[in-house]
Amino acid sequence: MEQFKLKFKEQADKLGGEIKIMLQEHGNTVIGETTLAQIYQGMRGMTALVTETSLLDAQDGIRFKRRTIPELRAQLPKAKGGNEPLPEALFYLMLIGEIPTDKDVENLSAMLQRRSHVPAYVFDAMEALPEETHPMTQFVVGVMALQNESVFAKRYADGFNKKDYWEATLEDTLNLIARLPHIAAFVYRRKYKGSKIVQPDGMLDWAANFAHMLGYDNEEFKELMRLYMVIHSDHEGGNVSAHATHLVGSALSDPYLSYAAGMNGLAGPLHGLANQEVIKWIFEMQKELKTDAPTSEQIAEYVKKTLSEGKVVPGYGHAVLRQTDPRFTAQMEFGKKHMPNDPLVNTVWRIYETVPPILQGLGKVKNPWPNVDAHSGALLVHYGMKEYEYYTVLFAVSRSLGVLSSLCWDRALGMPLERPKSVTTAAVKRWLNKE
Ligand code: AMX
């Protein structure tokens, strides 16, 4: 068995042993209480899940094995000549729990390259869809077609020992992550570039090869893809895409089925689709105001109009975060370094100065600050990727690293079927003696 897999198994066995003892000693410890409001209002603030890959702090943002986004950017190995962290290195950190060496990352990149072949029938399945089909739908159809390759599903059908679930899950995870850039790039080239497919380059790292297959061979764009793939990968376990992947996986649905379920959640406008909504909203604002560089006053008026129409300001707010998202800040730093005078990027920064006080003034928005989606589109447009309907597919490729690592942990730790209790309002009324 590959060294990488053995290392993961060693970590999982160690943690699994610790959890077992912890539950024996403290299994009945109360860690919180649930209010009626919580079960009606999206379970905010209710601790109900264990996710090993990352932990979200309302102030500091996401941490991966205790490391913040700035720390990851500083500490994770880089590509030769590059400054941004390699996503493979973060994947390694989420599974093995330590920062990999350059050699470890090289081996992992090579392992993914070896597994990256996508069978032709997957492309045929996507091609059967009308070209105007949303890119996320085309992408998920590709993933579902590829499910035919699932090692977990085959071994389960043959009847395998539950002690081996983790290995088949990791095998599928590696294969799927290796193949996703090819599927995602196919969607882009088919929908927007007249099906002129770019073949993969076996010498490139995972994110750079993705950029290459999308048709962007500019070194700066490759750097952007590395950063993008790192910062969108994981945001602890309760967000819709991570939770849906975990939930579906708990039925022992294989990683292809589970990941596809999660990505259907990512495709919702309050979650991953917000990145396309942000740039669409800015383009519409520019059109209406007939300027590429709206002033703060013009932006404020436009924001108020958006709110008066009963719409949200996309890219602002968060269910858990209560500060500017460090993933927004990382992208802002990238923008300041590579494109300080880009008018669209400058508009994003002016929106950042303008929107928070307006949202704060509403008195109900818990977090008036920007999230990751407020910035990403403007950086992509700078390099020529203007097809904003596609942006959530980039998010989905990145998210595979987090949600599939988590699924490996779930199976290695023997996580059971998820099945919380639900009630009817009639039952609630009986609790409250109102009926
Ligand atoms: N613009 C206008 N109103 C907003 C708002 C925004 N950006 N963010 C929150 N609000 C409103 C809510 O709609 C809600 O209004 P209501 O009581 O009339 O229904 C009220 O403020 C309270 O909401 P909240 O507790 O602050 O937020 P939440 O946890 O319910 O929802 C989120 C969080 C992200 C869905 C919400 O902030 C939002 O819709 N933001 C815009 C969409 C977006 O950027 N999504 C991406 C999130 C990150 C990601 O998953 N990629």
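What are the residues in region 296-348 that are among the charged types (D, E, K, R), without any contact (Cβ under 8 Å) to a residue 60 or more places away in the chain and within 15 Å of the ligand (Cβ to nearest atom), if any? Answer for region 296-348, where residues must be among the charged types (D, E, K, R), without any contact (Cβ under 8 Å) to a residue 60 or more places away in the chain and within 15 Å of the ligand (Cβ to nearest atom): K304, K305, E309, K311. What do you reckon, is Q75 within 30 Å of K222 (Cα to Cα) and at pLDDT below 95? When the stated conditions are applied, Q75 does not pass them.
So is I62 in a strand (DSSP E or B) and either of a type in the set (A, V, I, L, M) or outside the structural domain of V428 (by TED's automatic domain parsing) (or both) or not? Don't jump to the end; show me each part of the working.
Values: in a strand (DSSP E or B): yes; either of a type in the set (A, V, I, L, M) or outside the structural domain of V428 (by TED's automatic domain parsing) (or both): yes.
Here the answer is yes, as I62 does meet what is asked.
Residues that are part of a loop (DSSP other than H, G, I, E, B) and among the β-branched types (V, I, T) were ranked within region 334-374; the one that is farthest from the chain's Cα centre (by Cα) is V365.
Residues considered: E33, E25, E10. Of these, the only one that is surrounded by fewer than 10 Cβ atoms within 10 Å (Cβ to Cβ) and outside any loop (DSSP other than H, G, I, E, B) is E25. Being in a loop (DSSP other than H, G, I, E, B), small (G, A, S), under 24 Å from G272 (Cβ atoms) and under 27 Å from the mean Cα position of the chain (by Cα) holds for only one residue in A330, A319, and it is A319.
Among the residues of region 379-430, write down those that are among the aromatic types (F, W, Y) and outside any helix (DSSP H, G or I).
If we filter region 379-430 for residues that are among the aromatic types (F, W, Y), which is where we start, we get 383, 388, 390-391, 395, 409.
Result: Y383, single match.
For K196, which of the numbered conditions (1) outside any helix (DSSP H, G or I); (2) under 26 Å from P85 (Cα atoms); (3) among the charged types (D, E, K, R) fails to hold? Among (1) outside any helix (DSSP H, G or I); (2) under 26 Å from P85 (Cα atoms); (3) among the charged types (D, E, K, R), the lone unmet condition for K196 is (2).
Just a yes or no: is a residue in region 197-216 within 16 Å of the ligand (Cβ to nearest atom), of a type in the set (F, W, Y) and under 25 Å from R114 (Cβ atoms)?
no
When region 195-220 is examined, which residues are found to be on the phi > 0 side of the Ramachandran plot and either loosely packed, with under 13 Cβ neighbours inside 10 Å or in contact (Cβ under 8 Å) with a residue 40 or more places away in the chain (or both)?
Of all residues in region 195-220, those on the phi > 0 side of the Ramachandran plot come to 195, 215.
Result: S195, single match.
Mind listing just one residue for me: the one in region 320-343 that is touching a Leu at 6+ places or on another chain (Cβ under 9 Å) and aliphatic (A, V, I, L, M) and, of those, farthest from E236 (Cα to Cα)? Explain how you work it out, then say what you get.
Taking region 320-343 as the starting set, the residues that turn out to be touching a Leu at 6+ places or on another chain (Cβ under 9 Å) are 320-321, 330-331, 334-335, 338-339, 342.
Still in the running and aliphatic (A, V, I, L, M): 320-321, 330, 339.
Working: V320: 10, L321: 12, A330: 18, M339: 31 Å.
Within region 320-343, the match that is farthest from E236 (Cα to Cα) is M339.
In region 83-112, the residues that are without any contact (Cβ under 8 Å) to a residue 40 or more places away in the chain form Cβ pairs under 7 Å with partners that are among the β-branched types (V, I, T) and surrounded by fewer than 24 Cβ atoms within 10 Å (Cβ to Cβ), at six or more places apart or across chains, as follows: L93/I99.
Count of region 1-54 residues, restricted to those that are under 21 Å from S250 (Cα atoms) and of a type in the set (A, V, I, L, M, F, W, C), is 10. Might you let me know whether region 363-385 holds any residue that is more than 11 Å from the ligand (Cβ to nearest atom) and free of Cβ contacts under 8 Å to residues at least 12 places away in the same chain? No: region 363-385 contains no residue that is more than 11 Å from the ligand (Cβ to nearest atom) and free of Cβ contacts under 8 Å to residues at least 12 places away in the same chain.
The values are calculated or read from the model by the stated rules, or taken from the named source; none is laboratory data. Predicted model, so just to flag it, every value in this text is computed and none were measured. So basically every Cβ, Gly included, is an ideal-geometry build from the backbone, and we count neighbours across all protein chains shown.
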